[in-house]
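Nothing in this text is a laboratory measurement; each read-out follows from the coordinates by a stated rule. Since the structure is predicted, the reported quantities are computational estimates derived from the model, not experimental observations. All Cβ positions, even for glycine, are placed from backbone atoms using ideal geometry, and neighbour counts span all protein chains on display.
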Amino acid sequence: MSIVALKLIETGRSKPEQINNDGNTALIYACYNNMYNVALKLIETGNSRTDHIDDDNNTALTYAYQNNMFDVIKKVTIIAN
């Protein structure tokens with residue numbers, strides 16, 4: 001799954017800012033599923049909604065903390081400040 005996601009991001013035609021019917025962004029999905037490289041690439045696009053709150057009242061940062069995704073946490077925190 002990560003390989004497909006990375007290839008899609010590389011095309012430049014992905015829409016990381018989009019919210020699906022479950023209230024999730026691609027970044028939330030990547031962090032929830034511990035897809036480290038995908039999360040970093042999504043953040044690098046500059047289009048990820050890093051502050052979006054999902055239907056369970058969590059953000060990508062919440063899931064990144066749960067999965068010890070320290071570089072993702074660092075990048076999201078820098079964007080927030």
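If you go through segment 25-51 and pick out every residue that is in a helix (DSSP H, G or I) and either more than 20 Å from N67 (Cα to Cα) or not hydroxyl-bearing (S, T, Y) (or both), you end up with 13. The condition (being among the charged types (D, E, K, R), in a loop (DSSP other than H, G, I, E, B) and over 22 Å from L8 (Cα atoms)) is satisfied by just one residue among D54, D22: D54. Against the criterion of being within 11 Å of the chain's Cα centre (by Cα) and among the small types (G, A, S), A5 does not qualify. Would you check if there is a residue in segment 2-10 being in a loop (DSSP other than H, G, I, E, B) and β-branched (V, I, T)? Among the residues of segment 2-10, not one is in a loop (DSSP other than H, G, I, E, B) and β-branched (V, I, T), which makes the answer no. Looking at this structure, is D71 touching a residue at least 24 places away in the same chain (Cβ under 8 Å), assigned to a loop (DSSP other than H, G, I, E, B) and surrounded by fewer than 16 Cβ atoms within 10 Å (Cβ to Cβ)? No. Residues in segment 11-42 that are of a type in the set (G, A, S), surrounded by fewer than 22 Cβ atoms within 10 Å (Cβ to Cβ) and closer than 17 Å to K75 by Cα: there are none.
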